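Each remark here refers to the structure printed beneath this line.
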Amino acid sequence: MEDEELRKKIYHLLGLPFGSLSSESGNDWQRAEQEILEDYKLSQKKETSHNKFNRDEVMSSDFKKCLCEKIEIAKETNLTKDEIDYLFKSNDKDVILNLIRNDYLDDEQKEYILNNGTYLCKKEILSKN
């Protein structure tokens, strides 16, 4: 954050017109500056944590922490056969539901779900047919 922008935000937070203080120091000034900088740091962390994930990294990982990303990938409409097979093997209900909703599964995979899947997955397959 640039100094001029920071100064404007401090004045705004203090409820004063910009440039109205004879001295830009003191406890109130420092407290406001600290609060604004902390908010700025938090917003930067939030932006970087919500950046698009690395699809190749997620697809090659078996870690549970990638499950949310796998669910999001299963919602995409441009999956390859290998990606569909890999996501299907994750055997997660939410991933499989998204694959079913996008009509990605072949007959063999659908049959497997009808025999071994969760109620919601079975219901989704039957409602699609």
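General remarks:
- Yes/no for K8 being of a type in the set (K, R), outside the structural domain of L99 (by TED's automatic domain parsing), part of a helix (DSSP H, G or I) and at pLDDT below 85: no
- Check on S61, assigned to a loop (DSSP other than H, G, I, E, B), of a type in the set (S, T, Y) and modelled with pLDDT under 70: yes
- Failed condition for C66, given (1) surrounded by fewer than 16 Cβ atoms within 10 Å (Cβ to Cβ); (2) at pLDDT below 85: (1)
- Pairs linking a residue in the stretch 73-88 that is assigned by TED's automatic domain parsing to the domain that holds G117 and at pLDDT 85 or above to a residue that is surrounded by fewer than 14 Cβ atoms within 10 Å (Cβ to Cβ) and assigned to a loop (DSSP other than H, G, I, E, B), with Cβ atoms under 9 Å and 6 or more positions apart or on different chains, are K81/D106; E83/E76; I84/D106; Y86/S60.
The values are calculated or read from the model by the stated rules, or taken from the named source; none is laboratory data. Model, not experiment: these values are computed from the prediction. Every residue, glycine as well, gets a Cβ built from its backbone with ideal geometry; the counts of neighbours run over all protein chains shown.
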